[in-house]
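The values are calculated or read from the model by the stated rules, or taken from the named source; none is laboratory data. All of these numbers come straight from a predicted model, not from anything done at the bench. Note that each Cβ is placed from the backbone with ideal geometry, even for glycine, and that neighbours are counted across all protein chains shown. The protein model used for the area step is the full one, side chains on, heavy atoms only, and it has no ligands, DNA or RNA in it. Shrake-Rupley method; radii C 1.70, N 1.55, O 1.52, S 1.80 Å.
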Amino acid sequence: MTAESRPTAQASPKTADLARQQCVNPSCAATFGVDEPRFACPRCGDLLDVVYDWDRLSTPRSLKDFEAKWSRQLDPLCFSGVWRFRELLPFAPPETVVTIGEGRTLLQRAEKVGRFVGMTPGNLMLQYEGMNPSGSFKDNGMTAAFTHARMVGARRVACASTGNTSAALAVYSSATDLGFTAIIFVGSGKIAHGKLAQALDHGALTIQIDGDFDDAMRRVREVADRLGLYLMNSVNPFRLEGQKTIMYRVLEGLGWEVPDWIIVPGGNLGNSSAFGKAFIELAHLGLIDRVPRLAVINASGARTLGELYGHRGLRWRSGLPDDTIGETYYAELDASGVKASTIASAIEINRPVNLKKCLRALDFCDGVVREVSDQEIMDAKAQVGAGGLGCEPASAASVAGARLLRREGIIAPSDRVVCILTGHQLKDPAATVAYHGTDPETFDKVLGARGVHRAEFANHPVVVANDVDEIIRTIDQRSSAS
Ligand code: F0G
């Protein structure tokens, strides 16, 4: 169906009747109502999607139509950078939407970072999701999942997290005052202090378990099942509906033009999955005429996707990937006791729950997967900081990945590249201070142990005696007068 032949806003049927949940496995394809809280297909255990009867929904004729929302910012549904695109995630009646003003984020042209990556001027853009209320992209998904939780009358909401999901969960529970109780599972010592601080400060029941994210994820699923908790991880298909809007805002920031590349760090693979779904739907609706390529970047210490996609040939295959490839790899990890390990703690994940949906995204967007070392991540992070925005280590994997793909010649200097900066710089100050600081012991403890041996782009603090002449002499030596 073309954009022209779709019904217009005047003929708006009730949206919730026109959305449903559907198993991604085409040989199952079981469907469920959007009023059911489900986090896996009860028939076959596979992931669920939210799908829509687009032909019966009123969708815009052109992405430009969304610009009408810009002048209606007093309406919370237009203020939100997620819900101003609600015609593209129409699963909830407007009055049930839970929003705290998320998604008002920035697509910034980044010349200095572009030079580091090897791009010609004007061609590297950073989509800065650290500007969200909780400081990471998670708010895009959380607003959608909380909306669904409200639709189904859930009260106790839970997640396992490397830190940002839990921070967002805690923020939404406390800021909305709708009677939600946040319960979060984290691996003890596995989350950066900025994120732990948020969970505690915002009153979440914080369960620290002896283990890593993969252990916490397994436990939260068991416990959610037994206690009937509403699960807020990205196995929740409504989370990913919200995360699609990151791509809508990228297009918005480019005047609705499609870039050549979207580059995103890969952890649990929710973002990459959501981005793929966004482009599949936009193409289906005739709202874009080309599709960007997608690059998903793993940290080399948490490289499941890199291994399975890059080396073992795992592919989407129209929804029927060879599951034995992943099962064999996981059995090998278990047998050898290998755990994920990277300074980019947000993506320290070896069993990404959205693997299958990510394969679909890679298939549709002619994707590539790469791995970058912690050294490359920290150097890229320093360059992002020097360029003005700042991000946490996991986010910098996207920039390190762009640089690698440029060097390999996969990305041309003239390509238009958008790197997603997923989380704010202040989420993990320990990594930043260790990189820039002068204390070798801290460097070794925080970074050396991860295989980071140089700080080529460090901006070291200067230790000076408490003496005015000494201070002035140092400033004169170290800075040029303008
Ligand atoms: N970047 C940041 C800052 C993250 O917090 C995460 C995931 C990712 C990238 C990876 O995104 O899972 O969609 O591939 N953080 C999750 C959490 C796992 O618990 O906060 P993904």
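Might you check whether a residue that is without any contact (Cβ under 8 Å) to a residue 60 or more places away in the chain, under 23 Å from R360 (Cβ atoms) and among the small types (G, A, S) occurs anywhere in the stretch 45-61? Yes; the residues of the stretch 45-61 include at least one that is without any contact (Cβ under 8 Å) to a residue 60 or more places away in the chain, under 23 Å from R360 (Cβ atoms) and among the small types (G, A, S). Scoring L389 on the criteria (1) within 12 Å of the ligand (Cβ to nearest atom); (2) closer than 30 Å to R115 by Cβ leaves a single failure, condition (1). Of the set (1) free of Cβ contacts under 8 Å to residues at least 60 places away in the same chain; (2) in contact with a helix residue (DSSP H, G or I) (Cβ under 6 Å, 6 or more places away or on another chain); (3) more than 30 Å from H453 (Cβ to Cβ), all apply to L359 but (2). Do we find that L287 is among the aliphatic types (A, V, I, L, M), over 25 Å from V51 (Cα atoms) and at pLDDT 95 or above in this structure? For L287, the condition - among the aliphatic types (A, V, I, L, M), over 25 Å from V51 (Cα atoms) and at pLDDT 95 or above - is not met. Do we have any residue at all in the stretch 431-453 that's in contact (Cβ under 8 Å) with a residue 40 or more places away in the chain, among the aliphatic types (A, V, I, L, M) and open to solvent by 10 Å² or more (accessible area, probe 1.4 Å)? Scanning the stretch 431-453 turns up at least one residue that is in contact (Cβ under 8 Å) with a residue 40 or more places away in the chain, among the aliphatic types (A, V, I, L, M) and open to solvent by 10 Å² or more (accessible area, probe 1.4 Å).
Candidates in the stretch 253-292 are the residues that are charged (D, E, K, R) and surrounded by 16 or more Cβ atoms within 10 Å (Cβ to Cβ); of these, the one that is farthest from the ligand (Cβ to nearest atom) is E281.
A single entry from T176, T181 fulfils the requirement of being of a type in the set (V, I, T) and in contact (Cβ under 8 Å) with a residue 40 or more places away in the chain: T176. Listed conditions (1) open to solvent by less than 40 Å² (accessible area, probe 1.4 Å); (2) farther than 25 Å from A40 by Cα; (3) in a helix (DSSP H, G or I) are all met by F238, apart from (2).
Screening the stretch 138-231 for helices (runs of 4 or more DSSP H) wholly inside it with 2 or more residues that are surrounded by fewer than 24 Cβ atoms within 10 Å (Cβ to Cβ) and not hydroxyl-bearing (S, T, Y) returns the ranges 138-151, 193-201, 213-227. Residues that are surrounded by fewer than 18 Cβ atoms within 10 Å (Cβ to Cβ) and either aliphatic (A, V, I, L, M) or over 16 Å from V235 (Cβ atoms) (or both) within the stretch 44-57 comprise D53, W54, D55, R56, listed in sequence order. Consider the stretch 119-131 and keep the residues that are open to solvent by 10 Å² or more (accessible area, probe 1.4 Å) and in contact with a Ser or Thr (Cβ under 7 Å, 6 or more places away or on another chain). The one that is farthest from the ligand (Cβ to nearest atom) is T120. Residues satisfying the criterion are absent from the stretch 454-471 (criterion: on the phi > 0 side of the Ramachandran plot and out of contact with any Phe, Trp or Tyr (no Cβ under 7 Å at 6 or more places or on another chain)). Being open to solvent by 20 Å² or more (accessible area, probe 1.4 Å) and in a helix (DSSP H, G or I) is the filter; apply it to the stretch 293-309 and report the residue that is nearest to the ligand (Cβ to nearest atom). Applying the filter and picking the extreme gives Y309.
Restricted to the stretch 457-482, and to residues that are at pLDDT 95 or above and among the small types (G, A, S), which residue is nearest to the chain's Cα centre (by Cα)? The selected residue is A458.
The residue of the stretch 367-384 that is farthest from the ligand (Cβ to nearest atom), among those that are open to solvent by 30 Å² or more (accessible area, probe 1.4 Å) and assigned to a helix (DSSP H, G or I), is Q383.
Residues satisfying the criterion are absent from the stretch 424-447 (criterion: away from the ligand (no atom under 13 Å from the Cβ) and in contact with an Asp or Glu (Cβ under 6 Å, 6 or more places away or on another chain)). What about P94, is it open to solvent by 10 Å² or more (accessible area, probe 1.4 Å), touching a Ser or Thr at 6+ places or on another chain (Cβ under 8 Å) and away from the ligand (no atom under 16 Å from the Cβ)? No; evaluated as a whole, the condition is false for this residue.
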